[in-house]
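Notes to accompany the following structure.
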Amino acid sequence: MTTKEDLLLKLKTIITPYVQNQEGLENLNEGTDFIKDLEINSANLVDVVLDVEDEFDIEIDNEAMEKMLTVKASIEVIEGKLAAK
Amino acid sequence: MRNRRVVITGLGVMAPNGTNVSEFKESIINGTSGIRGVEELKNLKFSCHIAGLPNYNENYLNHYFNKIQLRGLKASGMEYGVIAGMDAWKDAGLVINDSQVPRWDAGVIFGTGILGVDKFREAIYKVDEGNVRKLGSTTVIQTMASGISAFLGGMLGCGNVVTTNSSACSTGTEAILMAYDRIAAGNAEIILAGSTSDSGPYVWGGFDAMRILPYKYNDNPTKASRPMSATASGFVPGSGAGALVVESLDSAQKRGAKIYAEILGGHVNSGGQRNGGSMTAPNSEAVQQCIKNAINTSGIQANDIDAINGHLTATTKDPTEIKNWCEALDRKETDFPYINSLKSLVGHCLAASGSIESVATILQLNEGFIFGNINCEDLHPEIQSQINRDQVPTKTFDFSANIIAKASFGFGDVNACVIFKKYNSI
């Protein structure tokens with residue numbers, strides 16, 4: 001079972017290449033917003049989701065993807081998909 | 001009102017025989033060919049197993065693209081165009097605009113025939129497998145034709161025209177003239193002009209199928225591209241990119257920029273696929289008109305032309321091209337200018353040919369040499385009957401040309417001719 005800390009660490013690795021605000025990345029926490037705090041280009045959010053799918057071997061539908069705008073929401077989606085496996 | 005004067009202040013090139021301007025210059029002076037065997041073409045049962053493509057290490061891309069741009073990058077034309085374009089910008093002494101305000105006076109006109117073919121192939125497989133959701137965000141930006149001007153415009157922060165033109169093998173020469181027109185008219189000060197062409201079997205396959213590529217030189221690649229030769233048997237497929245910083249003389253002087261050459265003018269036209277012209281062959285009357293109009297708009301006489309950098313692809317059309325130059329200039333035999341074709345050294349770089357060949361032309365003007373044509377020791381008899389053998393040099397020699405004409409012709413019966421002059425402040 002993946003712990004929340006593991007999950008956060010993996011998520012951080014995935015989003016790092018897309019982050020344009022390094023300060024936001026250093027202060028990464030559950031409340032971090034991908035676009036507002038990390039300045040990830042909104043077009044790249046689909047790439048983040050695809051990388052998450054590959055990393056955790058899950059499939060994220062459009063509805064779940066629309067929620068994945070913050071660290072907290074992303075972790076909830078990933079945990080949900082992992083539990084349903 | 002007299003148009004503003006327009007000059008060239010920066011050069012960049014990604015050619016099969018040189019991946020920067022100094023390497024490229026050495027190669028054209030020494031007659032070093034960039035044509036080589038391509039195993040992939042052989043394995044795919046092409047008739048022609050050879051091609052010209054820029055040779056560089058993948059790590060080299062890190063100097064030009066950031067990590068996000070490199071992710072899933074599968075568009076060779078994008079790589080060539082960005083490297084050549086950024087090099088030209090730097091060569092001109094211009095800096096990357098890192099402010100939040102675009103440079104309203106600077107633009108990009110960078111042409112291509114087709115972009116990101118390998119990326120598109122990858123997308124087609126995914127779509128057909130029902131996996132469209134797996135494409136990610138990179139497919140569109142790498143396969144839209146204007147991806148190349150969009151990448152460059154964004155990297156440099158340009159706020160003037162940012163567009164991609166497309167006119168087959170006249171694309172590169174046309175881009176330079178589009179930049180010239182816009183600057184001469186006072187609508188921009190600086191434009192990065194150029195063109196790029198992807199490499200690989202999916203770009204070249206259609207030409208192989210048309211049986212217009214040579215198939216008898218697979219074991220002897222550097223001998224294969226033979227413009228103006230009696231034994232020319234088709235064009236060798238090539239790829240790469242050429243880039244030129246086109247700038248108003250005012251702006252160049254204000255910046256104290258190095259000036260390579262002046263653009264006096266030029267012309268683009270089409271033969272309408274009439275009177276001998278077709279999708280794949282030029283209407284000779286239109287070619288002659290294009291050259292004559294280029295001379296007229298440049299305010300020079302045909303006799304002022306010291307040298308020609310031709311289109312000359314190494315097909316059966318080469319003698320016709322020479323005839324068209326003779327008639328348009330009304331010059332023949334010993335009175336004919338020197339003429340050369342870069343394609344003997346790099347093959348036919350398709351949409352990129354006009355810009356790469358223009359870089360070669362400007363280097364000749366600026367450095368005072370005429371590069372030799374390789375592989376035409378056996379000049380075609382129909383060419384020999386029109387012009388003196390010495391007008392087709394086989395070895396590079398020192399020659400201080402004042403004016404060189406450069407022409408490119410493309411599928412669709414389209415033509416472009418530009419007149420370059422050695423820069424003189426008066």
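The values are calculated or read from the model by the stated rules, or taken from the named source; none is laboratory data. It should be emphasised that the depicted structure is a prediction, and the values quoted were computed from it without experimental measurement. Glycine gets a Cβ as well: all are built from the backbone with ideal geometry, and neighbour counts include every protein chain shown.
The table for this structure:
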quantity	calculated
Residue tally, condition of a type outside the set (Asp, Glu) and either closer than 15 Å to A:ILE78 by Cα or not in a helix (DSSP H, G or I) (or both), over segment A:14-44	16
Filter pass, B:ASP219 being over 15 Å from B:GLY242 (Cα atoms), part of a helix (DSSP H, G or I), over 20 Å from the mean Cα position of the chain (by Cα) and not hydrophobic (A, V, I, L, M, F, W, C)	no
Tally, over segment B:64-80, of residues that are assigned to a loop (DSSP other than H, G, I, E, B) and either away from chain A (no Cβ under 14 Å) or charged (D, E, K, R) (or both)	4
Residue selected from segment B:123-139 under the condition surrounded by 19 or more Cβ atoms within 10 Å (Cβ to Cβ) and not small (Gly, Ala, Ser), by the criterion nearest to B:SER167 (Cα to Cα)	B:THR139
Where B:GLN142 falls short, out of the listed (1) at pLDDT 95 or above; (2) surrounded by fewer than 23 Cβ atoms within 10 Å (Cβ to Cβ); (3) within 14 Å of chain A (Cβ to nearest Cβ); (4) more than 29 Å from B:HIS267 (Cβ to Cβ)	(2)
Count of residues meeting criterion [more than 14 Å from chain A (Cβ to nearest Cβ), surrounded by fewer than 24 Cβ atoms within 10 Å (Cβ to Cβ) and not polar (S, T, N, Q)] in segment B:154-176	7
Sole exception among (1) out of contact with any strand residue (DSSP E or B) (no Cβ under 6 Å at 6 or more places or on another chain); (2) more than 17 Å from B:ILE322 (Cβ to Cβ); (3) not aromatic (Phe, Trp, Tyr) for B:GLU382, by number	(2)
Within segment B:252-295, tally of residues that are more than 21 Å from the chain's Cα centre (by Cα) and more than 21 Å from B:ASP413 (Cα to Cα)	7
Test: residue in segment A:1-12 that is over 22 Å from B:ASN66 (Cβ atoms), more than 10 Å from the chain's Cα centre (by Cα), within 14 Å of chain B (Cβ to nearest Cβ) and assigned to a loop (DSSP other than H, G, I, E, B)	no
Every residue from segment B:275-307 that is β-branched (Val, Ile, Thr) and either closer than 19 Å to B:ASN3 by Cα or not in a loop (DSSP other than H, G, I, E, B) (or both)	B:VAL287, B:ILE291, B:ILE295, B:THR297, B:ILE300
Selection count, segment B:188-209, where residues are assigned to a loop (DSSP other than H, G, I, E, B) and either touching a Phe, Trp or Tyr at 6+ places or on another chain (Cβ under 9 Å) or under 15 Å from B:VAL7 (Cα atoms) (or both)	4
Failed item, numbered, when B:ALA179 is tested on (1) within 14 Å of chain A (Cβ to nearest Cβ); (2) over 29 Å from A:TYR18 (Cβ atoms)	(1)
